[in-house]
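Undergrad: Sending over a structure as structure tokens; questions will come in a sec.
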2 protein chains.
Amino acid sequence: MAGKSSRAAHVRATPCSRCPLRPLPIFRNFEPEELDFVSTFKRGELVVNRGSTVLVEGSPSPYLYTLLAGWAFRYKLMPDGRRQILNYVLPGDLIGLQSSLLGEMEHSVEALSSLVLCVFERGQLKELYSRFPGLAFDVTWLAAREEQMLDENLLSIGRRSAVERAAYLLAFLAIRAKALGLAGPGPVQLPVTQQHVADTLGLSLVHTNRTLRKLAERKRIAWKDSACLVLDVEALQAIAHWSGPSEKPRPLI
Amino acid sequence: MAGKSSRAAHVRATPCSRCPLRPLPIFRNFEPEELDFVSTFKRGELVVNRGSTVLVEGSPSPYLYTLLAGWAFRYKLMPDGRRQILNYVLPGDLIGLQSSLLGEMEHSVEALSSLVLCVFERGQLKELYSRFPGLAFDVTWLAAREEQMLDENLLSIGRRSAVERAAYLLAFLAIRAKALGLAGPGPVQLPVTQQHVADTLGLSLVHTNRTLRKLAERKRIAWKDSACLVLDVEALQAIAHWSGPSEKPRPLI
DNA sequence: CGCGGTTTTGAGAATCCTCAAAACCAGTGG
DNA sequence: CCACTGGTTTTGAGGATTCTCAAAACCGCG
């Protein structure tokens, strides 16, 4: 159920000035001195394999990460093994903030694909707050955005039916992926198994399969190579009674 | 379903230096200059009645609030009226941050009892970040804590059974209330109806009633005057398979 | 070819829902 | 004082949703 905790550490250097993410239109422009500081803030890069656990529940992580490439997910486990996936982590997302602020991680993070992560040192966060209020604001911004996503997810699990829930989740992920340019002109491909979907929706694997099957019959999605192809995002949104997110230019630390 | 939006505004002045909350042991000590700034940051006090809506989904609030006294809850509505309660707001909690950062509220906040709120102006947040990195850090801290509560709530709704869910919620609220000194020596009293519990747990009112009844039969809780008396917090935690929060000294803005 | 991970299908059972109505209770106006 | 009202809690009954157990089918990979 949980992935192996092997962690193929591998450090390269890609200067922030040539960050592949920052040129994307959804990220806000940085002042030169902000960019300089982030560059020094960055301690290196970490590459991990699919299935690896990046952060572990219960342990205090000395690092903060920004995901540069790949897909991951945050989850919690109950003592008897029940798993709940809380949210998905896409490029540009910050992880490990809870540990840096509150002391201990209360959730784990696992890689859905191989990942490239920017590594920051936890201790430097205070310096960031002292010297770059704008960046500090951005960190809070990211935390507030995560909260917003969790709110919608909570509404989904609490009050939407199985089909609505599935439709919401797949539309949500497809839209996030598209905004990052992770999809070509064709349908978005989500690197998740039906087990991941089940653990996100709070449903059993069997019932999730039957629910997804209905969406597939209606040509809203398709399964290929242990991944989900999202064929019609707007139809999914309509099924979920969800009008979509209000995407504004966002910060990238 | 939603409360009346009447808002009995009433402004008094209680200087932060005589804040009734700050002396509590769970709040961290402030530097004198931090306290000074918060005092100037504070624009006044707002008193609202039970049932009033403090913040409305979809509207950009020009204010930030810290709850001084009373109970409230955050919730979202679906177009057809389904309601999901996301979390409860207790004294010392900050509300309206999402709006200040992201532009628009995506949830509403309603008073469970009459409330006293500290009012801050949204625009001053930037000044706080510039001049008091420590306070800025605190704001982020509060956001990360909210996220942590939402994570646990998501696990609850997604993976716990009805009884486990109810037990978790009531233990969670009882512990939060106790930490704030809101309970005397006796059992904690939670000012919620079974409808609130149902909308928090993602269950129907009928099934919630039958579930709570089981807990009442076992003497874990009791209902009195449209409120829940929590008789045995530890037993509830055991039912929920929940070990409780890690309460550390926390900031109060 | 055999293996492990993933998807699919069947069947019966538990959980949870909806509809409906009654009981209870504090507050309100006659 | 009493009837009436609205909000809350309680109970019954049938039905829909979702779960668990079990097994088969499928598929890339060594």
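Undergrad: Got a sec? Charge dipole of the range A:205-253, +1 on Cβ for Lys and Arg, -1 for Asp and Glu; which of A:ALA240, A:THR208, A:ALA227 is way out at the positive end?
TA: A:THR208
Undergrad: Where does chain B land at 222 nm, in deg cm²/dmol rounded to the nearest 500, when only DSSP H runs of n ≥ 4 count, each adding -39500 (n - 2.57), divided by all residues?
TA: Values: 8 runs with 98 residues, N = 253.
Value at 222 nm, helices only: -12000 deg cm²/dmol.
Undergrad: Over the whole of A:221-230, what's the average partner chain Cβ count within 10 Å per residue? Rounded to a whole number, please.
TA: The mean count of partner-chain Cβ atoms within 10 Å per residue comes to 0.
Undergrad: Within a 10 angstrom radius of each residue's Cβ in A:155-164, how many Cβ atoms of other chains show up on average? Whole number is fine.
TA: Working: counts 12, 7, 8, 16, 10, 4, 0, 0, 0, 1.
Shielding by partners across A:155-164 averages 6.
Undergrad: Do any of A:LYS248/B:LYS126; B:LYS219/B:LYS248; A:LYS76/B:LYS42; B:LYS178/B:LYS219 go past 27 Å between their Cα atoms, and which?
TA: Values: A:LYS248/B:LYS126 19 Å; B:LYS219/B:LYS248 30 Å; A:LYS76/B:LYS42 38 Å; B:LYS178/B:LYS219 19 Å.
Violating the 27 Å limit, Cα to Cα: B:LYS219/B:LYS248; A:LYS76/B:LYS42.
Undergrad: If you average the sequence gap of Cα pairs under 8 Å that are 6 or more apart and divide by the length of chain B, what percent do you get for the contact order? Kindly include the intermediate steps, with their values, before the conclusion.
TA: Values: 431 pairs, mean separation 53.0, N = 253.
It rounds to 21 percent for chain B.
Undergrad: Another question about this same structure. Placing the label point 7 Å from Cα along the Cα-to-Cβ direction, what are the distances from A:GLU33 to the equivalent spots in the other copies, shortest first, in nm to one decimal?
TA: Output for A:GLU33: 1.9 nm, nearest copy listed first.
Undergrad: Can you list which of the GluC sites (Glu not before Pro) found in the range B:45-138 are DSSP loop residues with at most 14 other C-beta atoms within 10 Å? Don't jump to the answer; show the numbers that get you there.
TA: On the way: sites: B:GLU45, B:GLU57, B:GLU104, B:GLU106, B:GLU110, B:GLU121, B:GLU127; in loops: B:GLU57, B:GLU104, B:GLU106.
Listed in order of number, the matching sites are B:GLU104.
Undergrad: A further question on this structure: Taking the Cα centre of chain A as origin, sum charge times position over the Cβ atoms of Lys and Arg (+1) and Asp and Glu (-1), and report the length of that vector in debye to the nearest 20. Mind showing how you got there, number by number?
TA: Details: 31 positive and 25 negative charges, 154 e Å.
Once rounded to the nearest 20, the dipole reads 740 debye.
Undergrad: Now, a different point. Near the amide H of A:VAL188, under 5 Å away, which other amide H atoms are found, from residues 5 or more places off or on another chain, if H is placed in the peptide plane?
TA: When sequence neighbours closer than 5 places are left aside, the close amide H contacts are A:VAL230.
Undergrad: Averaged across B:72-78, how many Cβ atoms of other chains sit within 10 Å of each residue's Cβ atom?
TA: Details: counts 0, 0, 2, 3, 7, 2, 8.
If you average over the peptide's residues, the count of other-chain Cβ atoms is 3.
Undergrad: Still on this structure, please answer the following. Please work out how much length the chain gains when fully extended from A:HIS241 to A:ASP80, using 0.36 nm per residue of separation minus the C-alpha to C-alpha distance, in nm with one decimal.
TA: 54.6 nm
Undergrad: In degrees, nearest 10, range 0 to 90: what is the angle between the Cα axis of helix A:205-217 and the longest Cα principal axis of chain A?
TA: Value to nearest ten degrees: 80.
Undergrad: Moving on to the next point. Alpha carbon centre of the range A:137-171 versus the range A:62-98: separation in Å?
TA: 14
Undergrad: May I pose another question? Got the A:GLY51 label distances to the other copies yet, label 7 Å along Cα→Cβ, in nm, shortest first?
TA: Here A:GLY51 shows inter-copy label distances of 5.9 nm.
Undergrad: Using only Cα atoms, tell me the angle between helix A:162-179 and the longest principal axis of chain A; keep it within 0 to 90° and round to the nearest 10.
TA: Between the helix axis and the principal axis of chain A, the angle is about 40 degrees.
Undergrad: Could you pull out every residue, at least 5 positions away or on a different chain, whose amide H is within less than 5 Å of the one on A:ALA72? Hs are placed 1.01 Å off N in the peptide plane, and Pro or chain starts have none.
TA: HN-HN under 5 Å from A:ALA72: A:VAL89, A:LEU112.
Undergrad: Taking DSSP loops as anything outside H, G, I, E and B, show the longest stretch in chain A free of trypsin sites (Lys or Arg not before Pro) there with at most 15 other beta carbons within 10 Å. Walk me through the numbers before you get to the answer.
TA: Numbers: sites that count: A:LYS4, A:ARG7, A:ARG12, A:ARG28, A:ARG50, A:ARG218, A:LYS219, A:LYS224.
It works out to A:51-217.
Undergrad: Go through the range B:119-124 residue by residue and turn each phi into a ³J(HN,Hα) via Karplus (6.51, -1.76, 1.60, θ = phi - 60°); whole Hz please, and just put x for glycine and proline.
TA: Once θ is set to phi - 60°, the couplings for the range B:119-124 become 9, 10, 8, 3, x, 6 Hz.
Undergrad: Which whole number in µm²/s is D for the range B:165-245 by Stokes-Einstein, with the Kirkwood Rh taken over Cα pairs at 20 °C and 1.002 mPa s? Display every interim value, and only then the final one.
TA: Working: Rh = 12.5 Å.
Stokes-Einstein gives a translational diffusion coefficient of 172 µm²/s.
Undergrad: So, one more: Distances in nm, one decimal, shortest first, from B:GLY181 to the same residue in every other copy, taking the label point 7 angstrom along Cα→Cβ.
TA: Going from nearest to farthest copy, the values are 5.6 nm.
Bear in mind that the values in this text are calculations on the coordinates, not laboratory data. Treat the numbers as computed from the prediction; the structure is a model and nothing was measured. Every residue, glycine as well, gets a Cβ built from its backbone with ideal geometry; the counts of neighbours run over all protein chains shown.
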